[in-house]
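Enquirer: Could you have a look at this structure, given as structure tokens, before my questions?
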Amino acid sequence: MKFFLLTFILIGSVYAKDFSTRYDINVDMFGKVGYADITLKENGNTYEAKLIANTVDIAATLLGNRVETFTSKGKIVDGKYIPDIFIKTKTSTRKSRQQTYHFNHDKKEITLIEKKSKLVKSTKYNPIKFKIARKDIIKKSSKEIVLDTYRGDDILSSYLNTQARCNSDQKQYNLLAIGAYNNKNDVTLSYLDGLQKTSASSHFAKNTQNIYNLHVKPIDEDKSTVNILIAFDNDGIVKEAFLGEIFWIGKITAKRVYHKVSLK
């Protein structure tokens, strides 16, 4: 599911509008395993983009009811989304982690504040009752650091800016952004045309306008490179994403099931 988080923000940001969208994530063997809700709100020259990804059914059981939330807030300058703050939160049944990135574009610095909490089993013997009492206690930790590397985008602002950077004229875009899977990974977005587009179209329904390939090269050589095909509908909005056959579980797909636009 984490790879599809990289695709959900390719939402036709060339339009000046607020929107709310939902995508369902399905695996051939298990059916629906999760969904993602995306919103973009603009207010004058400021914006807030949010992605909330939830697991359901067997995936929720295996991953401890994991929920991941990404929030980007900042300014709109000359049609480009410039983040001031990016918040990445991951919660499950027994632990949570929140990473808040503060951008100082003038100094080219990013400050990270990370907070963690988890439930830990505590065992205590009661000599009077001759009983062992067990209970959960919350352990918390926090840290603040200035990152070694400066990036001008977070994953949400980067994708909101992508269509201007990756298109029929400039067909490849190297993604360098805070929160983009892993900042050390080689993440590349490619615009497909010609025979490449024709071949990729077979995975999608009709009315596919543009198709992109999201390429994620792992740091470890023994792990597989990931390629995700992303299809735009005629309305300029991402309609489907496709991650090929995965060994015994089959195809993994993401499909748009709800979309509402508020024109400015």
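Enquirer: Can you work out the PRE-style zone for Ser141? Point 7 Å along Cα to Cβ, and I want the residues of region 79-106 with backbone N under 15 Å.
Expert: Correct set: 95-99.
Enquirer: Would you mind ranking Leu176, Leu156 so that the residue whose beta carbon has the fewest other beta carbons within 10 Å leads the list?
Expert: The fewest-first ordering by Cβ neighbours comes to Leu176, Leu156.
Enquirer: Continuing with the same structure: Sorted from fewest to most neighbouring beta carbons within 10 Å, what does the list Ile58, Ile155, Ile138 look like?
Expert: Neighbour counts put them in this order, fewest first: Ile138, Ile58, Ile155.
Enquirer: Okay, moving on. So for Thr123, Thr111, fewest C-beta neighbours within 10 Å to most, what's the order?
Expert: Listing Thr123, Thr111 from fewest to most nearby Cβ atoms yields Thr123, Thr111.
Enquirer: Between the alpha-carbon centers of region 14-63 and region 74-114, tell me the distance in whole angstrom.
Expert: 18 Å
Enquirer: What does the charge count around Ser158 come to, taking other residues whose C-beta lies under 12 Å from its C-beta (Lys +1, Arg +1, Asp -1, Glu -1)?
Expert: +1
We did not get these values from a lab; they are worked out from the coordinates using the rules stated. In this text, all values refer to a predicted model and were calculated from it rather than measured experimentally. Cβ: placed from backbone, ideal geometry, glycine included. Neighbour counts: every protein chain shown.
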